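See below for the structure under consideration.
The values are calculated or read from the model by the stated rules, or taken from the named source; none is laboratory data. Please read all numbers here as calculations on a predicted model, not as lab measurements. Methodologically, a virtual Cβ is constructed for each residue, glycine included, from the backbone with ideal geometry; neighbour enumeration extends over all protein chains shown. These area figures cover heavy atoms from the full protein model, side chains too; ligands, DNA and RNA do not enter into them. Shrake-Rupley method; radii C 1.70, N 1.55, O 1.52, S 1.80 Å.
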Amino acid sequence: MNKAPSERERNDPMRVILNLAELKESLSSITKFLPASSPKEILKGILVRVNDDGRVEWIAFNGTLGIRDFLMSQVSEPGSVVLPGSPFYSLVNKLPKGEVELYMEPGDSKITLKCGVHTSQIAVMKAAEFPELPVLNHVNWSVSISQVKLREMIERVSFARAVADETRPLLTGVNLLVTPDSVRLTALDGYRMATQVTSQHTDLPDGKEELSVVLSGEMVKNLAAILEDADVPCQLSFDDSHMLVTFGHVSLIASTLAGEYIYYGKVIPQSFSVKVKVRTDTLKESISRCLIVARESSSRLMKMDMRTEEMTISANSPIMTMRDVLPHQMEGTDLVIAFNCEFLNEILNHVSSDHSLLQFNGQNQPMMVTPDDGEDYLFILLPVRVAE
């Protein structure tokens, strides 16, 4: 004899009809936030909350970062349940054309999905066991920025953050600095720094000349993955410990990193004794050849020998050597300087201008890399000290 399900095992009844294309689009964003593994099985699921006003909420939460999206639908019976996230998305991606109907009878432990000729039943988990997303207790301040610009800024700077640093956890995040006239993102890991600023007006709270907060690396990585390539705004709102991002019908929330970010203004030199202008694509190609050679040695070392008449890029390893002579324009005295070529290669992959400007103050001082047509973004790279 089959046992009747206990109160804990029962799920609410639910019946809803959804647009397949809209469902696929929503799930493509939601599933990016699902943990690959978790000691809590329910966190690998997606909470579906069907409301009687026609809104269907789709919620994922990995324990630190949460996302909520909603679709408008034809609701026959409201309810809520937790679906297995990745398997459900994989199934939806393979459905035939047509509307998607989801329904579940009272006490069921499986939900039925119908679409065209297809019918399937999917085991579900109890909605009541899904953790609540964090909420902003109050909004201390907020800033609005276009989605395409924010994504560009995140992608340009976030590579320079530390992947893991137990002694300086703030370096695993990205600093957001807002003034009345600008928004700046900065990341650094102790060897390199990337920063980009965009000019825009923002109303700050009374008495504040600037506001600074450190966004978690997980937040910026996932945010960049779902922002749309459109010049439409998204809103960033903050309380004392959380950040809420809203755009369209999507909202994300995560904890910010506690502490004061390193004052990086002192890292950026105000003047330079040597300036070199070089085609970005030519320099990238040379550095890519350096990588082949330098990866055969533990140092990943490359040298730049800059003279008025020529600029030489070289790398050596126990089994290979290479040397390129590049066309360039130079101001200042001759200079020989060495860098980790993997770091420099990564920087150049984020320079979008035809020419790059490399600026120096000596063999043991950091190099600054900017596009030659402005300084809305720049990169700092520390040199590698080598024996004469």
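Evaluating 6.51 cos²θ - 1.76 cosθ + 1.60 at θ = phi - 60° for every residue in segment 170-179, the Karplus couplings come out as 4, 6, 7, x, 10, 7, 9, 10, 10, 10 Hz, glycine and proline recorded as x. Taking the square roots of 5 times each eigenvalue of the Cα gyration tensor of segment 104-155, largest first, gives ellipsoid semi-axes of 39, 21, 9 Å.
Take the solvent-accessible surface of the protein heavy atoms, probe 1.4 Å, and return the percent of it on the chain that carbon and sulfur atoms account for.
It is 48 percent, rounded to a whole number.
The chymotrypsin sites (Phe, Trp or Tyr not before Pro) of segment 243-301 that DSSP puts in a loop, and whose beta carbon has at most 15 other beta carbons within 10 Å, are TYR263. Each distinct pair of alpha carbons in segment 173-277 adds a 1/r term; the inverse of their mean, the Kirkwood radius, is 15.6 Å. About the centre of its Cα atoms, the chain shows a dipole size close to 1120 debye [charges on the beta carbon of Lys, Arg (+1) and Asp, Glu (-1) only; nearest 20 debye]. With a cut-off of 11 Å on the backbone N, the residues of segment 16-59 near the modelled label site 7 Å out from GLU101 along Cα-Cβ are 16-18.
The mean sequence separation of alpha-carbon pairs under 8 Å and at least six residues apart, normalised by the residue count of segment 25-171, gives a relative contact order of 17 percent.
Return the loop-located trypsin sites (Lys or Arg not before Pro) in segment 71-161 (DSSP other than H, G, I, E, B) with at most 16 other Cβ atoms within 10 Å of their own Cβ; answer none if there are none.
Details: sites: LYS94, LYS97, LYS110, LYS114, LYS126, LYS149, ARG151, ARG156, ARG161; in loops: LYS94, LYS97, LYS126, ARG161.
Hits after loop and neighbour filter: LYS94, LYS97.
Only helices enter the 222 nm calculation for the chain: every DSSP H run of n ≥ 4 contributes -39,500 (n - 2.57), and dividing by all residues gives -5000 deg cm²/dmol, rounded to 500. Normalising the Debye intensity of segment 82-195 to I(0), with uniform scatterers on Cα atoms only, and taking log10 at q = 0.12, 0.21 Å⁻¹ returns -0.78, -1.08. In sequence order, segment 287-304 has phi-based couplings of 5, 5, 6, 4, 4, 4, 6, 5, 5, 7, 10, 6, 7, 6, 8, 9, 10, 10 Hz under the Karplus curve 6.51 cos²θ - 1.76 cosθ + 1.60, θ = phi - 60°, and Gly or Pro positions carry x.
For segment 222-311, the per residue solvent-accessible surface stands at 50 Å², with DNA, RNA and ligands left out and a 1.4 Å probe. Note on segment 150-233: Cα Rg divided by 2.2 N^0.38 Å, N the number of residues, gives 1.12.
Protein heavy-atom accessible surface, 1.4 Å probe, per residue over segment 61-168: 50 Å².
Based on the Kirkwood approach, the hydrodynamic radius assigned to segment 222-364 is 18.5 Å, with every pair of different Cα atoms included.
Alpha carbon centre of segment 152-210 versus segment 239-254: separation in Å? One Cα centre to the other: 17 Å.
For LEU91 paired with THR321, estimate the spin-label separation in nm (one decimal), with each label point 7 Å from Cα along the Cα-to-Cβ line. Simple spin-label model gives 6.4 nm for this pair.
If you bin all the Cα-Cα distances of segment 1-157 at 5 Å, starting from zero, the percentages per bin are 2, 8, 16, 19, 19, 14, 10, 6, 4, 1, 0, 0, 0. Sequentially through segment 358-364, phi angles give Karplus couplings (6.51, -1.76, 1.60; θ = phi - 60°) of 9, 10, 9, 10, x, 5, 10 Hz, Gly and Pro residues having no value and appearing as x. Here the relative contact order of segment 220-267, from alpha carbon pairs under 8 Å that lie six or more residues apart, stands at 22 percent.
Taking every alpha-carbon pair in segment 204-257 and binning the separations at 5 Å intervals from zero gives 4, 16, 28, 24, 16, 10, 3, 0 percent. Applying a DSSP loop filter and a limit of 13 other Cβ atoms within 10 Å to the GluC sites (Glu not before Pro) in segment 108-152 leaves GLU132. Between amide H atoms placed 1.01 Å from N, distances below 5 Å from HIS355 occur with THR280, ASP372, all of them 5 or more places distant or on a separate chain. The amide H of VAL274, built 1.01 Å from its N in the peptide plane, has PHE360 as neighbours under 5 Å, considering only residues 5 or more places off or on other chains.
Kirkwood hydrodynamic radius of segment 186-233, from the reciprocal of the average inverse Cα-Cα distance over all distinct pairs: 13.9 Å. Across the chain, the volume of the C-alpha convex hull divided among the residues equals 197 Å³ per residue. Amide H to amide H, with H built 1.01 Å from N, SER76 comes under 5 Å of ARG15, VAL16, ILE17, counting only residues 5 or more places away or on other chains.
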